[in-house]
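> Mind looking over this structure? Questions follow.
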């Protein structure tokens, strides 16, 4: 057991190193930060001097090693664009992204399960079929276009909701700025959360529907019905409960997508989170910010993976042989 | 005389196949589903018009010498104020006929989507078969990469690959390379699902007796995998491929929005939408509207088809 | 443990609850630093003009006017300039402004870590005469010196020393990167880089305030469509720039105004003058046709600038004949004509140069540097194809673009130039037309390596000439030279399009600096 955990941790660290290497080698091709940092009156001498100062004249392995050295100590360097420690900037931006991800996640899960159950119960009904078809429209358009169309409709034409930003935010403690406590903050969340959560909502809805249909066919449900249990009790206490295992697994896997698609949603809505920070960093070739973002994301995902794997082993001893051995 | 007979026999066999298909559950279910018929028809029309774009399109938008900038921003079905020319779906900012641009753009989108799915499918099937059949370290490595990639956002994977590939490509080939890089990027971010399904099927099949028998008579592992194991996994692979096609087309559009898509001189549907969204507020709605509708029609009908396919191929749901 | 900071209150203004004197504006770029000497870019200098003052400043019509200096005069026969400082000026923290702060700001801004130090390359010595008199000595007579330091901002020595910010630090940042202590009309109330920046009026400002703002909040919005939506929905009071295609829609909307002007930036095509062979396209490796002046002239004649302005720019940009716009000093009125659009003549010139069958080459273009840059390049590609030369368009983000140009990886390229500093014709001549010379800091943006001996000879004379008529005569001669050789093909002058809510009055300055002290909220 311990050997298994140690091996998995070792594998995870290897994965992180590789992701770091890949990410870092990408930066060499994204562009040159020097031109963004110097004005039009710069001379070639200035260019060379700044390059040396930033260590960009060093061979690639040296740069990579330096980056790792800092990253291990939690030091991601200083942003080229803002001239501030990257860790500080990311901490400042994280609440915006996490709140957005949370709200869109809740939106996706609650609405997804509700509509999934509905479409499964009323399998042949018109309403269910309309919902099924309409839900596909949402996943047949790119996220950015949905966002822009929502802004056009609800902000520009109807004027109901703000077109960009987080609205008024309030500080909780020293580091957490929240939009949950003000009216404008809540209003500002609506459009981005829908844009971001639409895809996941559709996914969960369809998954719940098909799992429900599967479960409703099982013998014990028939028995439950035969015993005279009310429909509601059958659907929710027995059927829905049994669909939850695959749904929870999928939700776990979708956390990654939410964080990734936050990049696009944040760009469209000028949402001041880490995704927007990352896009700005790409445009400015702010290497320290890009590197830190990608490393954090990989740590997060590799961590989730590791925890899930270890949990599986604890929960289901049968998996031990299979996962620990072959896989 | 003999030749004729052979032909008749062949025809009979063909007819037999067709007959069998027509009498199959699969075709029955297709006939009974208006959604499937309509979406299949829409996909066919769109694919055919993309394939035959050079014959259908009134102009060639990829030929810069044929463009007249003064035709720019002509509304649909209205004559241009300067040149008097009129266009069915209007023109964009470069004076390109929107209808022709959509036809040519759809070619690129479909090509990128189909090639990316084909690539992901091939890669996924090979890796899935190998890891399922051989097991051991091969499996550990492959499935470890798959795990990480499944949690790592596909759009980020695509951006990473795009960034790296761009760096290895000399500038003079970048425009032509962009499309191949897109295929590589989208394909590489999408192979895991295929690999998982195929691996699962392989694990089940390889324990069965006929595989052991095939092994005993000395058939090579590859022959066993391809001829005996793979066919068992084809239905789910087909379903995943259909849905992946829609996803790949949309992923291409998203990458275009992030500035890593097809070049503007040879725009895909995604690039057209990116360009068109800049004119949403200015009243030139047709530059966005028609490409967006085409993309929606394409992705939606492919999705609906995939949906139907999943139900049709899953006997338990019928 | 809830705590609402001023910043967040300011963000609240975004929600549309603004009262009359609260002003919310959005721009495309966040100023990357609050340090006035660290970065010489328009977003930074433009923004900091609201909180810092220079010795001199530009008025609404771009003439020089007194600021922290009340007057200035040449020393002797052009040895330098003497500035008399304004008395009774205080910094935001209450410290008094005097000659020592000028000397300190000079030391700070001319340090090798300062991006603006090229402004001081002609300066040999700065002498403090008394508390309110400072002399600048130059290596040659320099009539443009006062104008060239209009964006040089004064910082307090005591404040900088106390906060360990005596030199700009672009790499790691320091106290001055995030904090401001100027003498300007506004004070920095809050700064959240990349999110919001809040300014409040300086009650002790030395000049009379024209504005009626009580709080001003700046938010960067990159996506132009989002910015337009924000203006339309009333989430902000002012946005710049407005994408040209949205101007008409905004004009037609109640409650929104569009302010149009002409910027100081000229957009042009540059050529590879030195390379032996073409690098891109179908004829890559073949001898470089752009070394032949007839080919360059053919390019100039093949491009229908009017069509570009009519469609892509919707009639709001002006064609350009030379490297500067008529609004700037040193503009050569005698050379105001630009080559006519004449595809027949272009074909004839190409045939004469031996390219009757045309050739293929590469056109380099940024896609995020200038408004509509990519669309203009696409249009140019089509126009050149119509006279038989096929450009392969390579459009890329600016962070890839400049490195490619610096590495000479181009046959033809698109460039925009706005003369910073002096706002004079001499500026682009020095950077774009002079033979590149690293030591003398000449021709540092002359990527194509254009070189003309007479032009190189005249340039230092232009810089030192005090008599305006003699100076203009030399500028006219130089303009005729580079026009005749088609060293560049000037295309058009970029328009300036700003959008405001109806109740806002403001002044648009051609250098695209948004000056908050000229804003009135009604």
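The values are calculated or read from the model by the stated rules, or taken from the named source; none is laboratory data. It should be emphasised that the depicted structure is a prediction, and the values quoted were computed from it without experimental measurement. Don't worry about glycine lacking a Cβ; one is built from the backbone with ideal geometry, like all the others, and counts go over all protein chains shown.
> Pull up the range C:20-44, narrow it to residues that are farther than 20 Å from residue A:83 by Cα and more than 10 Å from every other protein chain (Cβ to nearest Cβ), then point me to the one that is farthest from the chain's Cα centre (by Cα).
Step by step, filter the range C:20-44, then rank; the result is C:20.
> OK, next. Would you mind telling me which numbered condition in (1) surrounded by fewer than 23 Cβ atoms within 10 Å (Cβ to Cβ); (2) closer than 21 Å to residue B:120 by Cα; (3) modelled with pLDDT under 85 residue B:212 fails?
Condition (2) is where residue B:212 drops out.
> Next up: Would you confirm whether any residue within the range A:126-143 is touching a helix residue (DSSP H, G or I) at 6+ places or on another chain (Cβ under 6 Å) and within 14 Å of chain C (Cβ to nearest Cβ)?
yes
> Separate question: Would you mind stating whether residue C:260 is part of a strand (DSSP E or B), more than 10 Å from chain B (Cβ to nearest Cβ) and closer than 23 Å to residue C:417 by Cβ?
yes
> Tell me, yes or no, whether the range C:85-94 has at least one residue that is more than 14 Å from every other protein chain (Cβ to nearest Cβ), outside any strand (DSSP E or B) and touching a helix residue (DSSP H, G or I) at 6+ places or on another chain (Cβ under 7 Å).
Yes.
> Do you know which of the residues in the range C:449-467 that are part of a loop (DSSP other than H, G, I, E, B) and without any contact (Cβ under 8 Å) to a residue 40 or more places away in the chain is nearest to residue C:122 (Cα to Cα)?
Step by step, filter the range C:449-467, then rank; the result is C:467.
> What are the pairs, 6+ residues apart or on separate chains, where a residue within the range A:30-57 that is more than 14 Å from residue C:403 (Cα to Cα) has its Cβ under 7 Å from a residue that is in a helix (DSSP H, G or I)?
A:41/C:118; A:50/A:34; A:50/A:37; A:55/A:63; A:55/A:66; A:57/A:51
> Is it the case, given these coordinates, that residue B:251 is buried (at least 21 other Cβ atoms within 10 Å of the Cβ), in contact with a helix residue (DSSP H, G or I) (Cβ under 8 Å, 6 or more places away or on another chain) and assigned to a helix (DSSP H, G or I)?
yes
> Looking at A:42, A:49, can you tell me which residue is at pLDDT 80 or above and facing chain C (nearest Cβ under 8 Å)?
A:49
> Can you go through A:23, A:71 and tell me which one is more than 9 Å from every other protein chain (Cβ to nearest Cβ), in contact (Cβ under 8 Å) with a residue 24 or more places away in the chain and either under 26 Å from residue A:266 (Cβ atoms) or part of a helix (DSSP H, G or I) (or both)?
Exactly one residue qualifies, and that residue is A:71.
> Among the residues of the range B:295-305, is there at least one that is at pLDDT below 90, closer than 26 Å to residue A:261 by Cα and not in a helix (DSSP H, G or I)?
No, the range B:295-305 contains no residue that is at pLDDT below 90, closer than 26 Å to residue A:261 by Cα and not in a helix (DSSP H, G or I).
> A further question follows. Give the residues of the range B:259-288 that are assigned to a loop (DSSP other than H, G, I, E, B) and either closer than 19 Å to residue B:182 by Cβ or touching a residue at least 12 places away in the same chain (Cβ under 8 Å) (or both), sorted by residue number.
B:259, B:260, B:261, B:262, B:263, B:264, B:265, B:266, B:267, B:268, B:279, B:284
> Also, I was wondering about something else. Cβ-Cβ distance below 7 Å, separation of 6 or more or different chains: which pairs start in the range A:250-261 with a residue that is more than 9 Å from chain B (Cβ to nearest Cβ) and end on one that is surrounded by fewer than 22 Cβ atoms within 10 Å (Cβ to Cβ) and in a helix (DSSP H, G or I)?
Once the first residue is more than 9 Å from chain B (Cβ to nearest Cβ) and sits in the range A:250-261, its partners that are surrounded by fewer than 22 Cβ atoms within 10 Å (Cβ to Cβ) and in a helix (DSSP H, G or I) give A:250/A:203; A:250/A:207; A:251/A:109; A:254/A:203.
Per-residue answers, yes or no, for (1) under 30 Å from residue A:55 (Cβ atoms); (2) part of a helix (DSSP H, G or I):
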{"site": "A:67", "(1), (2)": "yes, yes"}
{"site": "A:80", "(1), (2)": "yes, no"}
{"site": "A:97", "(1), (2)": "yes, yes"}
{"site": "A:116", "(1), (2)": "no, yes"}
{"site": "A:120", "(1), (2)": "no, yes"}
{"site": "A:129", "(1), (2)": "no, yes"}
{"site": "A:137", "(1), (2)": "no, yes"}
{"site": "A:146", "(1), (2)": "no, yes"}
{"site": "A:156", "(1), (2)": "no, yes"}
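> Right, here's the next one. Got at least one residue in the range C:387-400 being within 13 Å of chain A (Cβ to nearest Cβ), more than 17 Å from the chain's Cα centre (by Cα), under 22 Å from residue C:285 (Cα atoms) and surrounded by fewer than 19 Cβ atoms within 10 Å (Cβ to Cβ)?
No, the range C:387-400 contains no residue that is within 13 Å of chain A (Cβ to nearest Cβ), more than 17 Å from the chain's Cα centre (by Cα), under 22 Å from residue C:285 (Cα atoms) and surrounded by fewer than 19 Cβ atoms within 10 Å (Cβ to Cβ).
> Select from the range C:181-201 the residues that are away from every other protein chain (no Cβ under 14 Å) and surrounded by 22 or more Cβ atoms within 10 Å (Cβ to Cβ) and list them in ascending order.
C:181, C:182, C:183, C:184, C:185, C:186, C:199
> Sort out which residues of the range C:276-294 are more than 14 Å from chain B (Cβ to nearest Cβ) and either closer than 16 Å to residue C:482 by Cβ or surrounded by fewer than 23 Cβ atoms within 10 Å (Cβ to Cβ) (or both), and write them in order of number.
Residues satisfying the conditions are C:276, C:287, C:288, C:290, C:291, C:292, C:293, C:294.
> Looking at A:225, A:206, can you tell me which residue is at pLDDT below 75, in a helix (DSSP H, G or I) and more than 9 Å from chain C (Cβ to nearest Cβ)?
So the residue among A:225, A:206 that is at pLDDT below 75, in a helix (DSSP H, G or I) and more than 9 Å from chain C (Cβ to nearest Cβ) is A:225.
> Quick one: would you say residue A:260 is touching a helix residue (DSSP H, G or I) at 6+ places or on another chain (Cβ under 8 Å), surrounded by fewer than 23 Cβ atoms within 10 Å (Cβ to Cβ) and closer than 30 Å to residue A:37 by Cα?
Judged against the criteria, residue A:260 is a match.
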